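The values are calculated or read from the model by the stated rules, or taken from the named source; none is laboratory data. Please read these numbers as outputs of a predicted model, since none were measured by experiment. In this analysis, Cβ positions are derived from the backbone assuming ideal geometry, glycine residues included, and neighbour counts consider all displayed protein chains. Surface areas here come from the heavy atoms of the whole protein model, side chains and all, with no ligands, DNA or RNA. Shrake-Rupley method; radii C 1.70, N 1.55, O 1.52, S 1.80 Å.
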Amino acid sequence: WQQLVQGGRPRLEDKDLANRGCCPSAVDGVSDPGALADGCGSASPSAPSLMPRVVRGDFVLLAAFDGIRGCSVALRSLGVEPAADYSSEVDSTCVRLIAQKFPGCTQLGDIRKIDKELLHRLVDEHGRHIPWLVVGGSPCQDLSKRRGPNRKGLKGKKSKLFFEFVRVVSMLMSLGVRVAFLLENVASMPPEERDTISACLGVQLVEIDAALVSACHRQRYYWTNLPVVPLLPREVDIDALLDDGWYRHPAGKPFRCFVASAAWQVRRGRDPLGVRCRLANGVAGCSHDEERAPNAGEREAILGFPRGHTQLPSQEGEDALPEGTRLKMLGNSFSVQVVAHLLSPFADCIKAGKQLELTPLRDDARLLTMDRLGDAYHADDGVWEYLWE
């Protein structure tokens, strides 16, 4: 893939790949996700093909807070797709993107509306022998340090939706399903909130900066009951991920973390290249007198998505989404390279037809003791009250 870009040959666009049921970040015969770390998935010179051989695995995927489907892109990069694909997302633009780019995915809507009756029906439909993979990046707005000292943490209106993730996983486990889970959130949250999430899920967190294997920083906490192996750093050719005629400035330095709030300035006509941005997140033209922030297509490549992933063509064939909207969607997304690394043990077991090995949860994990939803529904914020045994 990187050779395709550097050689000046036409890029494979997302619409071309969708027709073949795959994405460019996967390479047939490559099982190491780190080898696919250069944005859209740089193939090693020895890779037999630039296109993946994606197999349908015997598992069910439930992607919570699904956004632009970073989890699904990561799984495809590993050469697997689920036998049954479910998504929970409420953002209207993301819902449209999922419907268009992933027509085989069943959208379940608001995660708060996923109840035990629905899950019981789905489990009966697919059988209790088939494992489930539940992946999500719960809202970080009330946890991030960008909110300042008055952030509300897990009591905030958005970030307390984390407990819905716990509830869904707990209900699936109570139905006798073998569940692998992966949760992502910001590493800038207060220590007490971090410890609460760890106590709820019953696993030790893993902290990873995506700059180890990609062209931008993205410091995140991950919680999973899958076995975790160290993520080794890899060299990334940043300039190969940019539009023709542009290069990284300063040279070779990973971009700062792309955040959704940066798109706010673009939508309001403000210059996204302030002094701070020029020092950290600029790309320069070959004429040396131009500088700008990386555009949506470049950020897609940098984060591991195929170029054009966040484009939604209108009936006239033009891009229906403004640049600022695409930047916001990408700012809220996963680092595909890191998620692929963490999911690689799962994908390896699925492809080999082996028994899925999961890390035992702590005995005091609240995930194991959640009993049911409370009787009182708080209509003002739409959140149930949780009861613990």
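Over all pairs of different C-alpha atoms in the stretch 93-169, the reciprocal of the mean inverse distance, the Kirkwood hydrodynamic radius, equals 14.8 Å. Taking the convex hull of the alpha carbon positions in the stretch 123-270 and averaging its projected area over all directions gives 12.7 nm².
The H on the amide N of CYS216, modeled in the peptide plane, is under 5 Å from the matching H of PHE255, each at least 5 residues off or on a different chain. Residue by residue, the stretch 322-337 carries 3J(HN,Hα) couplings of x, 4, x, 5, 5, 5, 5, 4, 5, x, 8, 9, 7, 8, 4, 4 Hz when phi is fed to the Karplus relation 6.51 cos²θ - 1.76 cosθ + 1.60 (θ = phi - 60°); x denotes Gly or Pro.
Listed values for the stretch 227-232 are Karplus-derived 3J(HN,Hα) couplings in whole Hz (6.51 cos²θ - 1.76 cosθ + 1.60, θ = phi - 60°), namely x, 10, 10, x, 9, 7, and x replaces Gly and Pro.
Partners of LYS113 within straight-line reach, counting lysines whose Cα lies under 30 Å from its Cα and excluding those fewer than 8 residues away in the same chain: LYS101, LYS145, LYS152, LYS155, LYS157, LYS158, LYS160, LYS328.
Highest mean packing first, where packing is the average number of other Cβ atoms within 10 Å per residue, the peptides 172-185, 54-67 line up as 54-67, 172-185. Out of every Cα pair in the stretch 294-338, what percent are spaced more than 15 Å from each other? For the stretch 294-338, the share of Cα pairs beyond 15 Å comes to 38 percent. Note on the stretch 118-193: with neighbouring protein chains present and a 1.4 Å probe, carbon and sulfur make up 50 percent of its accessible heavy-atom surface. For VAL336, neighbours were defined as the other residues whose beta-carbon sits under 11 Å from its Cβ, and their charges (Lys and Arg +1, Asp and Glu -1) total +2. Would you mind classifying the stretch 49-139 by shape? Square roots of the alpha carbon gyration tensor eigenvalues, ordered a ≥ b ≥ c; an a/c under 1.5 is rounded, otherwise it is prolate if a/b is larger than b/c and oblate if not. Verdict is oblate for the stretch 49-139.
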